Amino acid sequence: MDPEHPSRAEAHPLHTEELARALPGGGSHAFSELYARCAPAVHAWASLNVRDALRARLDPDDVVQEVAVRAMQNRASYDPDRAEFRAWLFGIARNVLYQALERLARGEPRRLPEGEISVELRSVVDTATGVTRRLRRDESYQRLLARLEALPDEERRMLLYRGLEGLPHDEVAKRLGLSPEAATKRWHRLREKLQQDAIVLELASA
């Protein structure tokens, strides 16, 4: 099976979390296999966050690559007993995006200089690049992304926070100014609304 396009069973969160337990001591090949499973969700998340005029200055593909590099560099800090891999990875993704926006505000380059990429990191970048190229060619994914970008603001933020970042309902509720019960109900309604798209089930956490 192509690690850039795992089956739904292989992309199951429990299976990914089991694989992530070997992350702290793993090499670039093991990390690349793990990141390939999450890269489509990171790409969708970056695309939904980097919108409109900002897209001309910050490419979501670059965010996916930089998240891969940063996560690989910091893999020894991952503790599976303290956090799920998805939550840890999207914590890095948020930092990458915030720092990229700060660099743009200061007029600094948005891409990592080539000299900072080691041979080991290059293989990770190549994996991220392969995933983003596949997604750009995937017409069903592009149609889905357009529909997600057109969602009402609260639904789009719900998808970002709960579906892609995998934040708990209590945290989602705080960010949206809702009660935990209301946040849970609205997430389930949103999943029902989007469940006709199989790829949503692969991108979103349970």
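The values are calculated or read from the model by the stated rules, or taken from the named source; none is laboratory data. Everything numeric in this text was worked out from a predicted model, so none of it was measured. We place every Cβ from the backbone using ideal geometry, glycine too, and count neighbours over all the protein chains shown.
Among what's in region 62-84 and is charged (D, E, K, R) and in a loop (DSSP other than H, G, I, E, B), pick the residue that is nearest to GLY27 (Cα to Cα). Applying the filter and picking the extreme gives ASP79. Residues that are closer than 17 Å to GLY166 by Cβ, free of Cβ contacts under 8 Å to residues at least 12 places away in the same chain and part of a loop (DSSP other than H, G, I, E, B) do not occur anywhere in region 85-98. For region 63-82, filtering for residues that are farther than 20 Å from GLU33 by Cβ and either modelled with pLDDT of 90 or more or aliphatic (A, V, I, L, M) (or both) leaves 1.
Among residues of region 158-180 being among the hydrophobic types (A, V, I, L, M, F, W, C) and in a loop (DSSP other than H, G, I, E, B), the one that is modelled with the lowest pLDDT is LEU167.
Tallying residues that are part of a loop (DSSP other than H, G, I, E, B) and modelled with pLDDT of 80 or more within region 17-50 yields 1. Would you mind stating whether ALA198 is surrounded by fewer than 17 Cβ atoms within 10 Å (Cβ to Cβ), among the hydrophobic types (A, V, I, L, M, F, W, C), at negative phi and at pLDDT 90 or above? In short, no. In region 32-73, what residues are farther than 14 Å from ARG134 by Cβ, of a type in the set (D, E, K, R) and out of contact with any Pro (no Cβ under 8 Å at 6 or more places or on another chain)? Result: ARG51, ASP52, ARG55, ARG57, ASP59, ASP62, GLU66, ARG70.
Filtering ARG133, ARG111 for residues that are modelled with pLDDT of 90 or more and within 23 Å of ALA71 (Cβ to Cβ) leaves a single hit, ARG133.
Within the set GLU155, GLU149, the sole residue that is farther than 14 Å from HIS43 by Cβ, touching a residue at least 24 places away in the same chain (Cβ under 8 Å) and touching a helix residue (DSSP H, G or I) at 6+ places or on another chain (Cβ under 7 Å) turns out to be GLU155.
Taking region 83-96 as the range and being within 11 Å of the chain's Cα centre (by Cα), at pLDDT 90 or above and either outside the structural domain of TYR35 (by TED's automatic domain parsing) or among the aliphatic types (A, V, I, L, M) (or both) as the test, the residues that pass are LEU89, ILE92, ALA93.
Residue-level check: of (1) of a type in the set (A, V, I, L, M, F, W, C); (2) modelled with pLDDT of 75 or more; (3) within 18 Å of LEU167 (Cα to Cα), LEU14 misses just (2).
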